[in-house]
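The values are calculated or read from the model by the stated rules, or taken from the named source; none is laboratory data. What you see is a predicted model, and the numbers here were worked out from it, not measured in a lab. Glycine gets a Cβ as well: all are built from the backbone with ideal geometry, and neighbour counts include every protein chain shown.
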Amino acid sequence: MAVVEAVRAAVGADMPLTARIGVEDSLPNGVSREESVERARLLETAGIDGLETTYGIMRSYLENIRPYVAVGARQTASELLVQRVLKPRGAEAYYRPFARAIKEATGVLVILVGGIRTTDAMNDIIGSGDADFLAMARPFIREPDLGNKLAAGRTGMVECVSCNMCLAHDGYDALQCWRKSPRSVARPLAGHHWRTGEDADAVEGGLAPQARLEPVPSRAVQAQV
Ligand SMILES: Cc1cc2nc3c(=O)[nH]c(=O)nc-3n(C[C@H](O)[C@H](O)[C@H](O)COP(=O)(O)O)c2cc1C
Ligand code: SF4
């Protein structure tokens, strides 16, 4: 609260002010969604304009940066995703219930991040009002011009398969999609910095089936790492 108030005082009333908050901890007895909704109300009072929803304390980075989101059989085969064969595909837009909870309780703009992979889902999220903005990290690492593609009417699934090789290289090498690089297997095989831990449990809530695919308004999409 004090930080938000101080930043607001420093930047003035016209500057948009946003923050990322952990809506729940994945550890037992951690921060609850109810507490976070209350916190969001207080932050709104303090002058925040927008909130981006995520986990707070996690057992592993992989709970936030989840592998193989929305990757189906065809992509598994075409990208030779051996590990994906052994795992279920990750659910898309896994923080959507967090975003909806904050939207319902406050007037702040809500930014949704985490496993947004298809234009079908993007349209559904924005159309339902569960979030005001969409943020993506790994899809923009693989396709830096994704925003332009979406603005031009691109539909379907992004190219990123959430293999997390870029995460394995994070802090050691340039930020890039390592999936197609010959060096891509070097770091994981060498055991460098591969964030270990259990995969996340599924967060409640999924995607409603959507009959139509429509271009996503690019002003609602943001690149982020
Ligand atoms: C290489 C990499 C580095 C990241 N670094 C951070 C970080 O420093 N702080 C943070 O809150 N999230 C970080 N993230 C998480 C992303 O901001 C995002 O929440 C997560 O990747 C899920 O979104 P996505 O499915 O669009 O990738 C990082 C993600 C990646 C792939
Ligand atoms: S290495 Fe490429 S395909 Fe794999 S998660 Fe990162 S951006 Fe996506």
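The table for this structure:
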read-out: Among residues of the range 38-93, those that are more than 15 Å from ligand 2 (Cβ to nearest atom), of a type in the set (Ser, Thr, Tyr) and under 21 Å from the mean Cα position of the chain (by Cα), counted; value: 4
read-out: Top-ranked residue of the range 13-69 - restricted to ones that are buried (at least 18 other Cβ atoms within 10 Å of the Cβ) and aromatic (Phe, Trp, Tyr), ranked as modelled with the highest pLDDT; value: TYR55
read-out: Count - residues of the range 1-35 that are touching an Asp or Glu at 6+ places or on another chain (Cβ under 7 Å) and assigned to a helix (DSSP H, G or I); value: 1
read-out: Residues (free of Cβ contacts under 8 Å to residues at least 40 places away in the same chain, among the small types (Gly, Ala, Ser) and away from ligand 1 (no atom under 13 Å from the Cβ)) located in the range 43-81; value: GLY72, ALA73, ALA77, SER78
